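Below is one structure, written out as structure tokens, with a few remarks after it.
The values are calculated or read from the model by the stated rules, or taken from the named source; none is laboratory data. Please read all numbers here as calculations on a predicted model, not as lab measurements. Using ideal geometry, Cβ is built from the backbone for each residue, glycine included, and neighbour counts are taken over all protein chains shown. Side chains included, ligands, DNA and RNA excluded: accessible areas come from the protein's heavy atoms. Shrake-Rupley method; radii C 1.70, N 1.55, O 1.52, S 1.80 Å.
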Amino acid sequence: MGFARGRRRVAMAVGALLGAGAVAVVVHRVLAPAEVDTPARAGYPAAVTPAIGVVGRLPVAPLIVDGRLRVYAATRQVYADQPADSRYRVTPYWSYRRWPAEVSGVVADGTTVVSRWSDGKLVALDARTGRVAWQADGPAPAEGWSARRTGAGAVWEPPGLFLARAADGRPGLVVSGPTGAGGFALADGRRLWSVDVDGGCRTDVGTTAAGQFVAVDRCAGPATVEFRDVATGTPTTRWQPPGATAELAVTPVGCVSHRSRCRGLRTTGPADGAGRGWLAGAGQPVAAPALDPAGSELDGERAVGVADGVVTGRSARTGGELWRRADLGPARIVAVQPGRVHLLTEANDLVTLDPSTGAERSRFPLNVGRDGIGWAPGLVYAGGGYLAMERLREPVDPDADDQRYFLMSEPVVLAAS
């Protein structure tokens, strides 16, 4: 009997060890760092020419890539669907996940989609296949996923992530965080430069069409606008606009995408102070009086603004009037993309004008089915001839939870202009 009891004790011990091992394996599989790349199984879709008007509504914010795909972000995932003009979100064309890191931001240039993660990792995906093109270690962001339910804050306003073009035309990427900034080649992820920074006394502005990375530096004295070459990281210009104060704020205008490859800047001081517009070139910014009014926008060297219900196009350098439209009623500029300026009327009609002539490209109610027009605009994106906008419940409460904040479960309206 003693021998039998001994065998039982050995068997129980072995069973306990096996059970513990199985638990350890499960825990490791669940909690261990991992990435899952699910590439496309179908051929790359053809580019589409969408019909002018509302395309449809979506639960999440799309980034239009190459006129063929829509790319989205979730807390730990970047994925795409197609075609770009699908009325609804459909089964992913490809998907990329990481664990436990979180998505901080996503940008796209051509067929390269770059995601930035909470651990500082940069992952470039080939939009045509969804396969990883390259990975690089960049400066870690201040936080990981910070967007609301639609993900618009990650794909339309990615923090610290800027597309760039060097003076010789090579595409690049500038990435910044609380303690550092760096430049990367978009083609292969090669690090071009890095610099230590103090995020507590610096504010990113963006990149310029002339190949400069712009930031406001308050670390060693009066607020100064600093320009660095995007290819080398070398400081090229330090500039103080006339009358600059400690409250100096700089906003980019005329950008190809969010705060990227911008042709102009607007500087403001105290909250009640008047702004001043500037064209951003290779040297110090040049005054552009037509960009002074808040809300004015830039396409090339043409500034478009709205005042007292009149939309006006002017030469950004001289302020000379090029065209005017007094027939649109109360409206405001909500987005600009090359060759298009988008305005939203009081009745939530989307009006798209040619910024060079003021000619109307399209006009239609930004409404889907019976959703109605009783909503307020949230974040907005324009690119590739499309416009997408969050619709918010009125009155807008920025502190409300997502159910109260957004108009409905599919709050993003997508339109082609």
Could you tell me the distance between the Cα centroids of region 104-132 and region 380-417, to the nearest Å?
24 Å
Normalised contact order of region 200-328, rounded percent, pairs of Cα under 8 Å and 6 or more residues apart
16 percent
For PRO365, what charge total do you get from the other residues with a beta carbon under 14 Å from its beta carbon, if Lys and Arg give +1 and Asp and Glu give -1?
+1
Please work out how much length the chain gains when fully extended from SER409 to LEU322, using 0.36 nm per residue of separation minus the C-alpha to C-alpha distance, in nm with one decimal.
27.0 nm
Per residue, what volume in Å³ does the Cα convex hull of region 199-290 take up?
98 Å³
Based on the Cα atoms of region 238-343, what semi-axes does the equivalent ellipsoid have, where each is the square root of 5 times one gyration tensor eigenvalue, given in whole Å with the largest first?
23, 16, 13
Could you work out how much longer the chain between THR245 and ARG190 gets when fully extended? Use 0.36 nm per residue separation minus the Cα distance between them, nm to one decimal.
16.0 nm
Euclidean distance of C-alpha centroids, region 170-227 and region 287-331, integer Å
30 Å
Short to long, in 10 Å steps from zero, the percent of alpha-carbon pairs of region 315-358 per bin is 26, 54, 19, 1
Work out, step by step, the length gained on full extension between GLN135 and ARG87: first 0.36 nm times the residue separation, then minus their alpha carbon distance; give nm to one decimal.
14.0 nm
Taking the Cβ of PRO338 as the centre, find all other residues whose Cβ is under 15 Å away and add up their charges (Lys, Arg: +1; Asp, Glu: -1).
+1
Compute the relative contact order of the chain as a whole-number percentage, counting only Cα pairs closer than 8 Å that sit 6 or more residues apart in sequence.
11 percent
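Given a cut-off of under 8 Å on Cα pairs at least six residues apart, what relative contact order in percent is computed for region 100-203? Intermediate results must be reported in sequence, preceding the final value.
Details: 226 pairs, mean separation 21.5, N = 104.
Relative contact order comes out at 21 percent.
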Which net charge results when you count Lys and Arg as +1 and Asp and Glu as -1 among the other residues whose beta-carbon is under 14 Å from that of ARG190?
0
Relative to the longest principal axis of the chain, what angle (0 to 90°, nearest 10) does the C-alpha long axis of helix 2-31 take?
10 degrees
Correct semi-axes for the chain, from √(5λ) of the alpha-carbon gyration tensor and rounded to whole Å with the largest first, are 44, 28, 20
Give the long-range amide H neighbours of LEU248: residues separated by 5 or more places, or on another chain, with amide H under 5 Å away, using H modelled in the peptide plane at 1.01 Å from N.
none
So if we plug the beta-carbon distance of ASP198 and ARG370 into 1/(1 + (r/R0)^6) with R0 = 51 Å, what FRET efficiency do we get, rounded to 0.05?
0.45
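Round to a whole number: what % of the accessible area of the chain belongs to carbon and sulfur, probe 1.4 Å?
Working: 9820 of 18810 Å².
The nonpolar share, carbon plus sulfur, comes to 52 percent.
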Leaving out ligands and nucleic acids, note down the accessible area per residue over the chain with a 1.4 angstrom probe, in whole Å².
45 Å²
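Hey, can you rank 131-139, 378-386 by average C-beta count inside 10 Å, highest first?
378-386, 131-139
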